[in-house]
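Have a look at this one before I ask anything.
The values are calculated or read from the model by the stated rules, or taken from the named source; none is laboratory data. Worth saying up front: this structure is predicted, and the values here are computed from it rather than measured. No Cβ is skipped: glycine too gets one built from the backbone with ideal geometry, and neighbour counts run over all protein chains shown.
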Amino acid sequence: MSEHVLSSKMYYGIWIALMILTVVTARVAFIDLGPFNTVVALVIATGKALLVVLFFMHVKYASEKLVKMVIVASIFWLLLLLLLSLADYGTRYARHG
Amino acid sequence: MADSTATPVHGPELLHHFSTAQQQRDAASLGMWLFLGTEIMFFGGMFLAYLIYRLLYFNEFAAGSRSLDIWLGTINTIVLICSSLTVALGVRAAQMGKRKLLVILLLLTLIFGLAFLGIKGVEWYAKYKEHHIPGMSFDAGDLIRDYPQIHIDPAHEQIYFSLYFAMTGLHALHMIIGVGMFTYLLYHSMKGRYGPEYYTPIEMGGLYWHFVDVVWIYLFPLLYLIDRKPLG
């Protein structure tokens, strides 16, 4: 069995990065960035999700191409659902004050 | 292995319809990821409902979001991240055959998981006392008083809290299932069932746990951090 084992240092590094990003996103929410508050919050969330998926879930190191295809297809499906639906609802109504 | 024609030597965990342990592992991994794909679709519908209503009723969503306890939300995010660390280290301990360490890490994961659910319960109870649970006794009067700068329609406010309870409730249900799963894994770890030659259940349970963590990573900013900046 040649599963390679990742160093525990790396796991602690990812953990610290996740903690810092959590505190940053909670603090930044109180600063007025106009419409960019949401953008910043979602970018940080996506960064955290990527760290978890790539390192904690071993997608970066130990997964087959078939597994990667399932992941990419799932995310692609999710984006289709969200983006196409928002393209509809986002343009259907006049802006609410 | 000198004699390749003899029955391969393997543990009892290799099922007869797989040729090798590696093949069995790969199949389990693919199956788990396919399941997580269906979970993305499951939660995806909720996220879409959230996005559409947030677009339509932004003021109500902002006021509802401000009424959540940001401290408890942040602490819960940190608790879940810590539990993901103990799960990742647990899989590593199993890979390296450190059975005692594996038991300790699984126990820590369970404690973090239960702590998350406990804190969530405290938050839900606060919402119950504030009459923020959608239904007959729902009352958005406090929010209307607190935020006179924005127009708040109580019916639309209920939509925010319906989505809040549906999304955190579905997430908490996944946490409860995860706690059950890890109790099972802990029991079998204590019996020394998992080691370098067989740790697939730990790895698959770990994938599920991390996935539930990722869902929370998105729920936290979307529900708690909508509009915290000072009202102009």
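Looking at residue A:66, is it touching a Leu at 6+ places or on another chain (Cβ under 9 Å), facing chain B (nearest Cβ under 8 Å), within 30 Å of residue B:22 (Cα to Cα) and without any contact (Cβ under 8 Å) to a residue 24 or more places away in the chain?
For residue A:66, the condition - touching a Leu at 6+ places or on another chain (Cβ under 9 Å), facing chain B (nearest Cβ under 8 Å), within 30 Å of residue B:22 (Cα to Cα) and without any contact (Cβ under 8 Å) to a residue 24 or more places away in the chain - is met.
Still on this model: Could you pull out the residue among A:72, A:53 that is within 30 Å of residue B:226 (Cβ to Cβ), among the β-branched types (Val, Ile, Thr) and surrounded by 12 or more Cβ atoms within 10 Å (Cβ to Cβ)?
A:53
Separate question: So, residue B:92, is that one among the basic types (Lys, Arg), in a helix (DSSP H, G or I) and more than 7 Å from chain A (Cβ to nearest Cβ) or not?
No; evaluated as a whole, the condition is false for this residue.
Now for a separate question. Evaluate region B:212-226: report whether one residue or more is part of a loop (DSSP other than H, G, I, E, B), in contact with a Pro (Cβ under 6 Å, 6 or more places away or on another chain) and not β-branched (Val, Ile, Thr).
No, that holds for no residue.
This table checks each residue for (1) within 14 Å of chain A (Cβ to nearest Cβ); (2) modelled with pLDDT under 95.
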residue: B:166; (1), (2): no, no
residue: B:181; (1), (2): no, no
residue: B:184; (1), (2): no, no
residue: B:187; (1), (2): no, no
residue: B:212; (1), (2): yes, no
residue: B:219; (1), (2): yes, no
residue: B:229; (1), (2): yes, yes
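While we're here: Tell me, yes or no, whether region B:125-146 has at least one residue that is in contact with a Leu (Cβ under 6 Å, 6 or more places away or on another chain) and either more than 14 Å from every other protein chain (Cβ to nearest Cβ) or at pLDDT 95 or above (or both).
Checking region B:125-146: not a single residue is in contact with a Leu (Cβ under 6 Å, 6 or more places away or on another chain) and either more than 14 Å from every other protein chain (Cβ to nearest Cβ) or at pLDDT 95 or above (or both).
Small (Gly, Ala, Ser), surrounded by 16 or more Cβ atoms within 10 Å (Cβ to Cβ) and either at the interface with chain B (Cβ under 9 Å from one of its Cβ atoms) or more than 15 Å from residue B:88 (Cα to Cα) (or both) - does that describe any residue in region A:17-27?
yes
Those residues that are within 30 Å of residue B:212 (Cα to Cα), in a loop (DSSP other than H, G, I, E, B) and in contact (Cβ under 8 Å) with a residue 40 or more places away in the chain, I need them from region B:110-161; list them, please.
B:130, B:132
Moving to a separate point now. Among the residues in region B:194-202, are any of a type in the set (A, V, I, L, M) and without any contact (Cβ under 8 Å) to a residue 24 or more places away in the chain?
Checking region B:194-202: not a single residue is of a type in the set (A, V, I, L, M) and without any contact (Cβ under 8 Å) to a residue 24 or more places away in the chain.
What are the pairs, 6+ residues apart or on separate chains, where a residue within region B:47-75 that is more than 11 Å from every other protein chain (Cβ to nearest Cβ) and farther than 18 Å from residue A:25 by Cβ has its Cβ under 7 Å from a residue that is buried (at least 16 other Cβ atoms within 10 Å of the Cβ) and aromatic (Phe, Trp, Tyr)?
B:63/B:147; B:64/B:160; B:64/B:161; B:64/B:164
Could we say that residue A:36 is facing chain B (nearest Cβ under 7 Å) and not polar (S, T, N, Q) here?
no
Within region A:50-73, track down each residue that is at negative phi and touching an Asp or Glu at 6+ places or on another chain (Cβ under 9 Å).
A:52, A:56, A:62, A:64, A:66, A:67
Looking at region B:194-207, is at least one residue under 12 Å from the mean Cα position of the chain (by Cα) and hydroxyl-bearing (Ser, Thr, Tyr)?
No, region B:194-207 has no match at all.
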